[in-house]
Each structure stands twice: as C-alpha cells, then as structure tokens.
Amino acid sequence: MKQTTKTLVGLLALLLVAGGIAGVALWAGKDEQKKAEAKEKSEKLFDFDKAHAHELRLSKDGHPVARLVKGEKSWKLAQPVEAEADDTAVDSLLSSLSGLKQKKDLPDEKDLKSFGLDQPKLEVAVKLDDGKEQGVQIGTDNSFDNTLYAKKLGDSTVRVVDAYQKTALEKTAFDLRDKKVAHLDDAAELKRIDVAGVKSPYVLEKDGNTWKVNGAAADAGAADRVASALKSLRATAVAAEKAGSLKKFGLDKPKATVKLAVVAGSDTYARVVRIGQVKSGAAQKIYAKREDSATVYEVDKQILTDVEKEPFDLQNKELVKVDREAVRKLVFQTPAGKVEITRVKNTPPDGGFPDEVFTVVAPHQGAAKKWKISSALYSIASLRAAAFEGPVPAAKDLAKYGLDKPKTVTLLGDEDKVLARVRVGSEKDGKRYALADGFERLVRVEKATADDWPWTATDALDAPPPPQASK
C-alpha cells in the first residue's frame, strides 16, 4: 500500500472515531435531557393551563375562605362577598398551584389521619373551562426537614412537598381582592385632579404632557406624585362593606374630597373619592370611600400628606430651562469683575466618549477646575426656587433685594446666544433673592448653592503645577 493511501485510510479512521464519539455525546446529551424532563414531569403535581381556569376555591380547616369566578375581562370575588378581584394576585396563586412540585410520594401510606389529610388544614381547588376540577389539600408540617404532607383532590396518595410552597397558596379573601380605592387600571391617565376640603384647595389639570395648577404652570414632579398617590391608593383593610353612617368614619365632613377626570384608551370617566379621619384611641385612622361604591376602606395615613399641599408645593419652581449640551460659555459677573469660561467637547480619535473641557478666557486665561465648573453648570441648569417672594419688583425697588447691583450668571450657546440668565441678590434667612429670565417672579434660592459658583478667577482657574525643583 502506498504511503498516500495509508495516510488517507488513517485520516478516514480518525474521522470515523471522532464521529462516533460525537454521536455518543449527542445521544448521551439527549438521554440526559429526556431524564431531566421526565424528572420534572414526575415532580409536578398538576398539568393544566392557568389560562383555562374558570373558578377558584380556597378552604381553611374545613371552612370556606374564598370563591372566585372569571368574568369576561377579569376575576371576581363571589364569596364571602361580591367584589372585584386582584387579577395579579389571582394569577400568582394559579401559577403557584399549577407549578406545585413534590419531593416524593408515599404510595404505601393509607392512613390519611397520620398526615393530617383526613381533615386538611388548607385546600385550593381550580375548575377549568372543561368542567374538570384539580386541586391540592395540605396536611401537617414535618418540621424535621421543613416539608409538609399533601394530596391531590380525588387521589389518596400521600405526597411530600417543600413547606415554603404553602405560603404562596395560603391566601385570604382580602389578599385576593382588588384593593385599589379609586379602582383605576394601570393604563388609566388622570387628566384633572380637583382636591377640596383641604386648607388650600387646588385643581391640577394636564395639558398634553404639562401639568397646570389653578391655571398656572405646575411643578411637574409634585403633580405627578399627587396623581401617582391617588392612582395607587390601596386599602389596608375593609372597614365596612356597607357604610351605615359616614360620620363613624369621618366621611360626613371629609378631610379631603378628590374628583378625578380619567382617560383610559377611548373611554373618559370620573371618580370621586372621600378621605376621612377619625381618632381611635391614641391613633388616628384614615378611611376612604369611592362615591360609586358602598364599601369603606381603611388606608395608610400617608395619603393625607400626599394630597394636602401648600400652594408653593405645587407651583412651578424650575428657574432655568436649558439643554446643557447647548452651552458653549459661562459668564459669572459681579460688581468687581467678570469671569468667562468656555466649554467644548472633544471626541477622542478612537471614537470614545467626548471629553468635556472648560477653559477660563477672562480675566486670565488658563485651564478651569473641571469638577468645579461642571458642578456649577449642573446646579445652574437645575436651579429651583426655594421660596416665592412676589412679582418681579420695579427697577426702583431692586435695591431692597440687593438686585440693583447683583451677581449675574449667564449661559451662552452658539454665537453667544443667551440661553439663560440668573441674577442673585442679598441674603434673607439662609437664602438669596434671585431673578431668572423668563420666570415672572421674585424668588429666593439656596444661599449655599449660589455662593458656591465660581464668581472669581481664583475660584475658576485650576491651580498651575508646582515648579520643579532645580537640580
């Protein structure tokens, strides 16, 4: 046999061996996958699709706890009272039931009483669209290995499951009930909030993406927080399914009455929620009731803080509106002089993140303290009023506020276009008077914030490197 032929035969043999090894590995892998799937299937107690659940029933110590039925759009609580259900809580319970796993079964054990399964402590059952019912009964705990005994409905086999799984199944009717007081979908948008009964009544109204308070510009963050608090207001308990007397819950003269205009898709509707307060011993209890429902809920006291606002809380306090990336120059001017600082962003040759560079160009030239100027630019761009003092004063009255000879910071863009300007005056109660272009009020800002800006060249210039010692 020629040497070439021998080489080819050897290579072919190696390929066959390698192919055989790969085939064995593939077969072994598939076999392991099948074993894992078989183990998973043997551990699962149920094999039903929760989407086909039609009815859910819970019992504890032989007594009914709750029965729920699935409506056209959502789950309903049918017993012990008729009410809307919490779809998320119901879905979680169904997931826990359908995913319930056993550690092992005890097919030879016939005495259910020994395992607490003759009178189960807990039973959870689901009826499917086809009318079939599946469920689990929970017996006694085995504290030795943190397990408990269980069995399936219609099956006498005793099974062992991890005890932690019981927590996901042991629910009360309140756990499964819709606790949103205003009963609003997550996708619903509040377009108008009318709050009466508080010290300073107010109306928040949304115009596009902008909030207004009593017709004027509102503090967007504060308005959003009020809206969020009302949308997410949840009951901590049901005080009464039917309120016989509103006075008992402080709802005859509520601390706050909130009228909501709601938009959900193409639907527009209204909600009215009353919030009352009653002294109970040393504590105050807060109750809430929706006008279209007889149920009175107990709620967290935080809701009164969330809706009782002073006018200042809700008014727009944003003094400067500027895009930081558009700023090319910062000018800090005082009666003693002016500091000018340029800002550029240099893109590295490798295309990485641009480097922000600040340079002092007047009264002296030199590298600026990057951290100092960057911090100042951030605080100027996000400057907010700490207090309102009234309308913009006449020129003749500016001296009263130290604004006849103010410190002024100006942000400039391309071609020295003025993007923002703030004038800072004298101090009052730890704050300085200020006027901002485009903001039609005299305000006060935090003294520490304004005083920290680089008003002098010394503040702005980076310290030069120390001279090297001569050898």
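The values are calculated or read from the model by the stated rules, or taken from the named source; none is laboratory data. Fair warning: this is a prediction, and the values are worked out from it, not measured in the lab. Glycine gets a Cβ as well: all are built from the backbone with ideal geometry, and neighbour counts include every protein chain shown. Accessible surface areas use protein heavy atoms only, side chains included; no ligands, DNA or RNA. Shrake-Rupley method; radii C 1.70, N 1.55, O 1.52, S 1.80 Å.
Brief remarks on what is shown
- Residues satisfying the stated conditions in the stretch 54-87, i.e. touching a residue at least 40 places away in the same chain (Cβ under 8 Å), under 32 Å from the mean Cα position of the chain (by Cα) and part of a loop (DSSP other than H, G, I, E, B): Val81, Asp86
The rows are residues; the columns are (1) open to solvent by less than 60 Å² (accessible area, probe 1.4 Å); (2) closer than 18 Å to Lys321 by Cα.
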site	(1), (2)
Arg384	no, yes
Pro391	no, no
Ala395	no, no
Leu403	yes, no
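- Residues that are among the β-branched types (Val, Ile, Thr) and surrounded by 20 or more Cβ atoms within 10 Å (Cβ to Cβ) were ranked within the stretch 177-213; the one that is nearest to Glu308 (Cα to Cα) is Val195.
- The stretch 277-306 residues that are farther than 15 Å from Lys247 by Cα, paired with ones that are crowded, with 17+ Cβ neighbours inside 10 Å and among the polar types (S, T, N, Q) (beta carbon under 8 Å, 6 or more apart): Leu304/Gln277
- Scanning the stretch 447-465 for residues being buried (at least 18 other Cβ atoms within 10 Å of the Cβ) and touching a residue at least 60 places away in the same chain (Cβ under 8 Å) gives a total of 7.
- Cβ-Cβ contacts under 8 Å between residues 6 or more apart (or on different chains), taken from a first residue in the stretch 121-140 that is under 19 Å from His54 (Cα atoms) and free of Cβ contacts under 8 Å to residues at least 60 places away in the same chain to a second residue that is open to solvent by less than 10 Å² (accessible area, probe 1.4 Å) and assigned to a strand (DSSP E or B), are listed as Glu133/Ala125; Glu133/Val126.
- Residues of the stretch 344-363 satisfying the condition of being more than 17 Å from Ala457 (Cβ to Cβ) and part of a strand (DSSP E or B): Val344, Lys345, Asn346, Asp355, Glu356, Val357
- Contact map, the stretch 332-347: first residue of a type in the set (A, V, I, L, M), second residue part of a strand (DSSP E or B) and surrounded by 12 or more Cβ atoms within 10 Å (Cβ to Cβ), Cβ cut-off under 6 Å, separation 6 or more or different chains; pairs are Val339/Phe332; Ile341/Leu330; Ile341/Phe358; Ile341/Val360; Ile341/Ala368; Val344/Val357.
- Residue, farthest from Ala229 (Cα to Cα), within the stretch 187-213, restricted to residues that are of a type in the set (D, E, K, R) and free of Cβ contacts under 8 Å to residues at least 12 places away in the same chain: Asp207
- For Ala270: the one exception among (1) of a type outside the set (Val, Ile, Thr); (2) open to solvent by 70 Å² or more (accessible area, probe 1.4 Å); (3) part of a strand (DSSP E or B); (4) closer than 18 Å to Val198 by Cα: (4)
- Per the conditions (1) surrounded by 14 or more Cβ atoms within 10 Å (Cβ to Cβ); (2) outside any strand (DSSP E or B); (3) free of Cβ contacts under 8 Å to residues at least 24 places away in the same chain, the sole criterion not satisfied by Ala229 is (3).
- Residue count for the stretch 130-146, restricted to those that are within 38 Å of the chain's Cα centre (by Cα) and crowded, with 19+ Cβ neighbours inside 10 Å: 5.
- For the stretch 232-245, a residue qualifies if it is out of contact with any strand residue (DSSP E or B) (no Cβ under 7 Å at 6 or more places or on another chain) and exposed (fewer than 14 other Cβ atoms within 10 Å of the Cβ), and the qualifying residues are Glu241, Lys242, Gly244, Ser245.
- Selected residue [open to solvent by less than 40 Å² (accessible area, probe 1.4 Å) and of a type in the set (Val, Ile, Thr)] from Thr157, Thr167: Thr157
- Any hit, the stretch 246-264, residues being open to solvent by 70 Å² or more (accessible area, probe 1.4 Å), over 30 Å from Pro311 (Cβ atoms) and out of contact with any helix residue (DSSP H, G or I) (no Cβ under 9 Å at 6 or more places or on another chain): yes
- Number of the exception - Gly352 against (1) closer than 13 Å to Trp453 by Cα; (2) surrounded by fewer than 17 Cβ atoms within 10 Å (Cβ to Cβ); (3) out of contact with any Asp or Glu (no Cβ under 8 Å at 6 or more places or on another chain); (4) without any contact (Cβ under 8 Å) to a residue 24 or more places away in the chain: (1)
- Residues that are β-branched (Val, Ile, Thr) and either in a strand (DSSP E or B) or in contact with a helix residue (DSSP H, G or I) (Cβ under 8 Å, 6 or more places away or on another chain) (or both) within the stretch 154-174 comprise Val158, Val160, Val161, listed in sequence order.
- Once the stretch 273-298 is narrowed to residues that are open to solvent by 50 Å² or more (accessible area, probe 1.4 Å), in a strand (DSSP E or B) and farther than 23 Å from Ala188 by Cβ, the residue that is modelled with the lowest pLDDT is Ser280.
- When the stretch 150-175 is filtered for residues that are farther than 18 Å from Gly99 by Cβ and in contact with a strand residue (DSSP E or B) (Cβ under 9 Å, 6 or more places away or on another chain), the ones remaining, listed by number, are Gly154, Thr157, Val158, Thr172, Ala173, Phe174, Asp175.
- The stretch 299-343 - residue that is assigned to a loop (DSSP other than H, G, I, E, B) and among the aliphatic types (A, V, I, L, M) and, of those, modelled with the lowest pLDDT: Ala336
- Screening Ile373 on (1) of a type outside the set (Lys, Arg); (2) assigned to a loop (DSSP other than H, G, I, E, B); (3) within 35 Å of the chain's Cα centre (by Cα) shows it passes everything except condition (2).
- The residues of the stretch 324-339 that are surrounded by 16 or more Cβ atoms within 10 Å (Cβ to Cβ) and over 14 Å from Val418 (Cα atoms), listed by number, are Gln333, Val339.
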